[in-house]
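A.B. asks: Here's a structure for you.
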Amino acid sequence: MTRTVIRRMDWTCGPDRSPGAPDGLLHEFQCTTCGDTGECSDDFETARDFTFQHTGRNPRHTGYREVVHRFWRMYRGS
Ligand SMILES: [Zn+2]
């Protein structure tokens, strides 16, 4: 019989503040008709510009899904 011992560790999940991690939220819009995705940006207006440009080129594509990226990291300890 093989026995495995896994050490119990406490973890905490919190906002990712590690070097290089994005500072704050990132916004992104995706067309719900064709799946095309615009620029992912920390500026909401910049990300939303995609909807005007995309509908301008594709007048029947009027539905969008906003994807908000918030980065999290697991830390040891409580
Ligand atoms: Zn589209």
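The values are calculated or read from the model by the stated rules, or taken from the named source; none is laboratory data. The structure displayed is predicted, hence computed values, not measured ones. With ideal geometry, Cβ positions are generated from the backbone for all residues, glycine too; neighbour counts draw on all protein chains shown.
A.B. asks: If you go through region 40-65 one residue at a time, how many are within 16 Å of the ligand (Cβ to nearest atom), under 16 Å from the mean Cα position of the chain (by Cα) and surrounded by 13 or more Cβ atoms within 10 Å (Cβ to Cβ)? Let's see the steps before the verdict.
C.D. replies: Going through region 40-65, the residues within 16 Å of the ligand (Cβ to nearest atom) turn out to be 47-65.
Filter again for under 16 Å from the mean Cα position of the chain (by Cα), leaving 47-48, 64-65.
After this cut, where a residue has to be surrounded by 13 or more Cβ atoms within 10 Å (Cβ to Cβ) as well, the list is 47-48, 64.
Count: 3.
A.B. asks: Tell me, yes or no, whether region 42-59 has at least one residue that is part of a strand (DSSP E or B) and modelled with pLDDT of 95 or more. Spell out how you get there, then give the answer.
C.D. replies: Step one: of region 42-59, the residues part of a strand (DSSP E or B) are none.
No: region 42-59 contains no residue that is part of a strand (DSSP E or B) and modelled with pLDDT of 95 or more.
A.B. asks: May I pose another question? Of all residues in region 11-39 being outside any strand (DSSP E or B) and of a type in the set (Gly, Ala, Ser), which is surrounded by the most Cβ atoms within 10 Å (Cβ to Cβ)? Even if it seems obvious, please write down each step before you answer.
C.D. replies: If we filter region 11-39 for residues that are outside any strand (DSSP E or B), which is where we start, we get 16-25, 32-36, 38-39.
Applying the additional criterion that residues be of a type in the set (Gly, Ala, Ser) yields 18, 20-21, 24, 35, 38.
On the way: Ser18: 9, Gly20: 5, Ala21: 11, Gly24: 9, Gly35: 8, Gly38: 21.
Ranking the qualifying residues of region 11-39, first place goes to Gly38.
A.B. asks: Hey, another quick one. Consider only pairs whose beta carbons are under 8 Å apart and that are at least six residues apart or on different chains; among these, list those whose first residue lies in region 38-67 and is closer than 22 Å to Pro22 by Cβ and whose second residue is exposed (fewer than 14 other Cβ atoms within 10 Å of the Cβ) and hydroxyl-bearing (Ser, Thr, Tyr).
C.D. replies: Glu39/Thr46; Tyr64/Thr32; Arg65/Thr32
A.B. asks: Same structure again: How many residues, within region 1-37, are within 16 Å of the ligand (Cβ to nearest atom) and under 13 Å from the mean Cα position of the chain (by Cα)? Before the answer, list the steps.
C.D. replies: Here is the first cut: in region 1-37, the residues within 16 Å of the ligand (Cβ to nearest atom) are 28-37.
Among the residues that remain, those that are also under 13 Å from the mean Cα position of the chain (by Cα) are: 28-30, 37.
Number satisfying all stated conditions: 4.
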